[in-house]
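Visitor: Pasting in a structure now, in structure tokens, and then I'll have a few things to ask.
The values are calculated or read from the model by the stated rules, or taken from the named source; none is laboratory data. Predicted model only: the values in this text are computed from it and were never measured. Backbone-built Cβ (ideal geometry, glycine too); neighbour counts: all protein chains shown.
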Amino acid sequence: MLQPLLGSTNNTLLKQVARFAERRQEVLAGNIANVDTPGYRMRDLPTDAFQTALQRAVAQSKMPRGAATESPGLQQPLSPGMSGATPTRIEDLFPETLFKAVSPNEQPGLTFNDANNRSLEHQFLEMTKNALRQQFAVQVLQGQYDQLQTVISERV
């Protein structure tokens, strides 16, 4: 998922990855905080839809200007709730619905007598993976800003 971002100079994609990871970390922490709440259902962000949007954004950023309207692959709906129109800005590929928590139909763990489907191990695993993704995006973004600062100050 993050490999195409290494060679990219597109800060917008890295900002979206960091934003998504930050929001997901909040949701996962909320799941852990509510582990003993009767009836609480674990929530998460739509990670598959975000990865699809990220792949399309990477593909669109590699295309020459004006080519996006000619590409049949980008004419498909980008995620649930979006129209089939081709976005002109990369930010348009990341609608707010990607950053809203949902309670998935299928969730890991058992459903307990109090109707809670807690799985602390799974939540901590997801938090760790998510933190690493966010750290990666922030470090690559920081490296790009450092390069820009070097060019601006004319140092080598």
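Visitor: Checking Asp48 against (1) in a loop (DSSP other than H, G, I, E, B); (2) at pLDDT 75 or above, which test does it fail?
Guide: (1)
Visitor: Determine whether Ala68 is at pLDDT below 65 and buried (at least 17 other Cβ atoms within 10 Å of the Cβ).
Guide: It is true that Ala68 is at pLDDT below 65 and buried (at least 17 other Cβ atoms within 10 Å of the Cβ).
Visitor: Please go through the stretch 17-45 and give me each residue that is assigned to a helix (DSSP H, G or I) and of a type in the set (Val, Ile, Thr), ordered by number.
Guide: Listed by number, the residues that qualify are Val17, Val27, Ile32.
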